[in-house]
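The values are calculated or read from the model by the stated rules, or taken from the named source; none is laboratory data. Note that this is a predicted model, so its numbers are computed, not measured. All Cβ positions, even for glycine, are placed from backbone atoms using ideal geometry, and neighbour counts span all protein chains on display. Please note that ligands, DNA and RNA were not included when accessible areas were found on the heavy atoms of the full protein model with its side chains. Shrake-Rupley method; radii C 1.70, N 1.55, O 1.52, S 1.80 Å.
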Amino acid sequence: MAAPNSRETIIDYALRNLGHPVIQINVDYQQCEDRLDEALEFFVERHFDGVEKAYFAHALTQAEIDRKYIDIADLGPVNGPTGDGPTGNDIVSVIKIFQFNQFTSIDMFDIRYQLALTDYFGINRGLAGTPSMGLASYDASKRYIKLIQDFFQPEKPIRFSKVTNRIHIDGTMSDVQEGVYAIIEAYVSLDPEKYTEIYNDRLLKKYVTALIKRQWGANMAKYDGVQLPGGITLKGAQIYAEAQQEIMAIELELLNSYELPIDFSMG
């Protein structure tokens, strides 16, 4: 049997794993769909293969500057207006917005431009009659410029909630002009319909199977202890308890071995 590569194939895999068609699995297909949705949500939240880091370039409007927040629905595809990359609606968490305005652009009067123009080529070897700048001095100069930048125009703190779908920018916006690009660093969820290898993930397959098994146990629990012809006794509560233990073990493995380091706030 081919590896699962769609919603239908991973559900079929889970049902076969539980004994179908030899055993009747008393779960409606819509219930299987719901349990798969839950598994994919948990996979995105806790598995490093469910998300990836992305950068959005967004030209700020005057309305956004005045209200001091960006609606993620206004963020276009990562790969450009005609690209097929993630959009703002795929954002799971926002890490930061890079600094705005004069420090994010360089012209011939910028100190960084002058530093590069006059000193960069002298890092490894001095020009005629001049000593070499050296990497240490160049690095120290760049750090000093960054210190000035952080002092006069620090990065603006942000708040983001997946419920409101807004990136709130705290602090004054008087130094930001319309049309300035906000570079947003975020984590985005990966679409399993586009990246179908997600359906063949080992833990996702186990998790979907365990969730459907728990649903099976819940469906049968109301008939627990009922004896069928032939002496068969229904044990829905036992199936539910077994599935619950499997789910807890899978979630613990995901949290301990596959979750990204905590370096951003979940929305």
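Computed quantities for the displayed model
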item	result
Test: residue in the stretch 179-201 that is open to solvent by less than 50 Å² (accessible area, probe 1.4 Å), assigned to a loop (DSSP other than H, G, I, E, B) and under 13 Å from Ile70 (Cβ atoms)	yes
The stretch 140-175, residues that are modelled with pLDDT of 75 or more and either more than 32 Å from the chain's Cα centre (by Cα) or part of a helix (DSSP H, G or I) (or both)	Ala140, Arg143, Tyr144, Leu147
Residue match in the stretch 25-37 (condition: surrounded by 16 or more Cβ atoms within 10 Å (Cβ to Cβ), under 19 Å from the mean Cα position of the chain (by Cα) and either of a type in the set (Val, Ile, Thr) or closer than 23 Å to Glu197 by Cα (or both))	yes
Selection from the stretch 1-24 of residues that are open to solvent by less than 30 Å² (accessible area, probe 1.4 Å) and under 21 Å from Lys194 (Cβ atoms)	Pro4, Ser6, Ile10, Ile11
First in the stretch 71-87 and open to solvent by 80 Å² or more (accessible area, probe 1.4 Å), second anywhere and in a loop (DSSP other than H, G, I, E, B) and at pLDDT 70 or above, Cβ under 6 Å, 6 or more apart	Asn79/Gly85
Test result for Asp107, modelled with pLDDT under 75 and under 30 Å from Tyr207 (Cα atoms)	no
